[in-house]
Amino acid sequence: MAIQDVEGRPLTLAERTYLPQILAGLKVTWDNMMRPSVTLQYPEERPAIPKNYRGVPTLVMDPNGREKCVSCQLCEFVCPPKAIRITPGEIAETSANAHVEKAPKEFEINMLRCIYCGLCQEVCPEEAIWLQSQYSMTGLSREAMVNNKAKLYELGGTLPDHHHKWDKKKEEAERQSHSGH
C-alpha cells in the first residue's frame, strides 16, 4: 500500500486571521446579552411552583386544632427509604380526641432519607400527612434534618377538612352514651 502526499489548499486571508470565527462568537455573545435574564436572585425571588409539586412532607391539624394522625403507621410501612418512624401512643379519656383510639407519641421524618415520592400522603386514610410546596430544607447537622412531631406540625399547620369524620364519630359516640343511660 503506497502512501500519497496530498497538498492542502492555501488559507485565505480571512481564514488566517480568524476574523469570521471571532465575529461569529461575538454575535452569539451579543444575542445572549440581549435576551431577558433567566437567573433568579434566590432566596428573594423563587420560581413558580407547579400545582402538583411534591415537596416537604408535614403533619397537618384539622380546623379544630386537633391532630389528624391516628398512628395507623401506613405511611411508615409504605415509605420506600424508611424515612418515617412512628411510636403510637394512647389518648386520655378526658381529651377532645377521646373518640380516636390512638395518636402518635412520636412522629419523625428523616429528611436526609426522604425521596419526596408522595406515597405517605397517598396512603394516609386521615389526610394527616401532606406534602407542602416547600422544597429547600437545610440544617447544620444530621439531627437538624430529622423533623420531629412538633416541627412537622409547625411546617404543616392547619388544612381545611371537608369530611369532619371525627366530629361525626364523636357525635355518634355521645348519642350512644346518652341513649345507654
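Structure data summary
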| item | result |
| --- | --- |
| Residue match in the range 24-39 (condition: modelled with pLDDT of 90 or more and among the small types (Gly, Ala, Ser)) | yes |
| Counted residues, the range 18-37 - those being surrounded by 10 or more Cβ atoms within 10 Å (Cβ to Cβ) and either charged (D, E, K, R) or not in a helix (DSSP H, G or I) (or both) | 2 |
| Verdict on Glu90 being of a type outside the set (Lys, Arg) and without any contact (Cβ under 8 Å) to a residue 40 or more places away in the chain | yes |
| Residue, surrounded by the most Cβ atoms within 10 Å (Cβ to Cβ), within the range 122-134, restricted to residues that are of a type outside the set (A, V, I, L, M, F, W, C) and more than 8 Å from Pro57 (Cα to Cα) | Glu126 |
| Residue that is modelled with the lowest pLDDT, among those in the range 44-94 that are over 16 Å from the mean Cα position of the chain (by Cα) and of a type in the set (A, V, I, L, M) | Ala92 |
| Scan of the range 85-109 for residues that are farther than 15 Å from Tyr153 by Cβ and touching a helix residue (DSSP H, G or I) at 6+ places or on another chain (Cβ under 7 Å), ordered by number | Arg85, His99, Val100 |
| Test result for Glu15, assigned to a helix (DSSP H, G or I) and either at positive phi or not hydroxyl-bearing (Ser, Thr, Tyr) (or both) | yes |
| When residues of the range 32-67 are limited to those that are in contact (Cβ under 8 Å) with a residue 24 or more places away in the chain and of a type in the set (A, V, I, L, M), the one farthest from Asn110 (Cα to Cα) | Ile49 |
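Matching residues to (1) in contact with a Ser or Thr (Cβ under 9 Å, 6 or more places away or on another chain); (2) closer than 18 Å to Tyr116 by Cα:
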| site | (1), (2) |
| --- | --- |
| Val56 | yes, yes |
| Asp62 | yes, no |
| Glu67 | no, no |
| Cys72 | no, no |
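The values are calculated or read from the model by the stated rules, or taken from the named source; none is laboratory data. Computed from a prediction, not measured in an experiment: that's the story for all the values here. Counting neighbours? That spans all protein chains shown, and the Cβs are built from the backbone with ideal geometry, glycine included.
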